[in-house]
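Please read the structure below before turning to the comments.
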Amino acid sequence: ATVDTLPGLTVNAGAVQGTGGLWLIDPYDYVIGTTQAATIAGTLNHIAPFPRRFGIEGGHVTVTGTLDVERILRIADFAATEVTVTNGGTVRADDTFIASTIGANGSVTINGAGSSWNGDSVLVGRAGTGSLAITGGGQAN
């Protein structure tokens, strides 16, 4: 499935108390294109004073645009999750955690020329089962 947004849609991932920015995507397949990525990143990166982090949980998410999370990206802490970056898509996060909790199961695939994952660190499967595959000319920087 593809998530289409209506003009003027506003996404607020803030929290009155506690940590803002954790989204549960379950159990559907989503495509995050350029417009959607800008809306998500713009909202997440301007929530102060909460830590800037984004969670992708459940289903399959395909990134074809540029998703810039700025700080922390957590994948598959609570639900089996597959993320594919393809067709020139780019993900940027300072720190990425893939399946870092007990029993978690998550995978990231960066596929195709021009597709990339950029950041300072990626931790795969600290306490769960995680994988990172780079195929078809994709890059991790």
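Considering segment 70-110, the qualifying strands (runs of 3 or more DSSP E), each wholly inside and each with 2 or more residues that are open to solvent by less than 20 Å² (accessible area, probe 1.4 Å) and not acidic (Asp, Glu), run over 72-75, 81-85, 95-98.
For segment 20-32, the count of residues that are within 22 Å of Ser121 (Cα to Cα), out of contact with any strand residue (DSSP E or B) (no Cβ under 7 Å at 6 or more places or on another chain), open to solvent by less than 20 Å² (accessible area, probe 1.4 Å) and modelled with pLDDT under 60 is nonzero. Annotation note: Cβ proximity below 9 Å between a residue of segment 130-141 that is within 12 Å of Thr96 (Cα to Cα) and a residue that is of a type in the set (D, E, K, R) (sequence gap 6+ or interchain) occurs for no pair. Of the numbered criteria (1) in contact with a strand residue (DSSP E or B) (Cβ under 7 Å, 6 or more places away or on another chain); (2) farther than 15 Å from Val61 by Cβ; (3) assigned to a loop (DSSP other than H, G, I, E, B), the one Val122 fails is (3). Determine if segment 37-50 includes at least one residue that is in a strand (DSSP E or B) and either at pLDDT 90 or above or open to solvent by less than 10 Å² (accessible area, probe 1.4 Å) (or both). No, the conditions are met nowhere in segment 37-50. Close contacts from segment 90-101, counting a first residue that is within 14 Å of Asp77 (Cβ to Cβ) and a second that is surrounded by 24 or more Cβ atoms within 10 Å (Cβ to Cβ) and not β-branched (Val, Ile, Thr), with Cβ to Cβ under 6 Å and a gap of 6+ residues or different chains, come to Thr96/Leu73; Phe97/Arg74; Ile98/Gly106; Ala99/Ala76; Ala99/Gly106. Of everything in segment 59-69 that is over 11 Å from the mean Cα position of the chain (by Cα) and outside any strand (DSSP E or B), the residue that is modelled with the lowest pLDDT is Gly65. Out of all the residues in segment 125-141, which are modelled with pLDDT of 95 or more, surrounded by fewer than 19 Cβ atoms within 10 Å (Cβ to Cβ) and in a loop (DSSP other than H, G, I, E, B)? Those that are modelled with pLDDT of 95 or more, surrounded by fewer than 19 Cβ atoms within 10 Å (Cβ to Cβ) and in a loop (DSSP other than H, G, I, E, B): Gly136, Gly137.
The values are calculated or read from the model by the stated rules, or taken from the named source; none is laboratory data. The model shown is predicted, which means the values in this text are computed figures rather than measured ones. With ideal geometry, Cβ positions are generated from the backbone for all residues, glycine too; neighbour counts draw on all protein chains shown. For the accessible areas, the whole protein counts, side chains as well, though only heavy atoms, and no ligand, DNA or RNA atoms are used. Shrake-Rupley method; radii C 1.70, N 1.55, O 1.52, S 1.80 Å.
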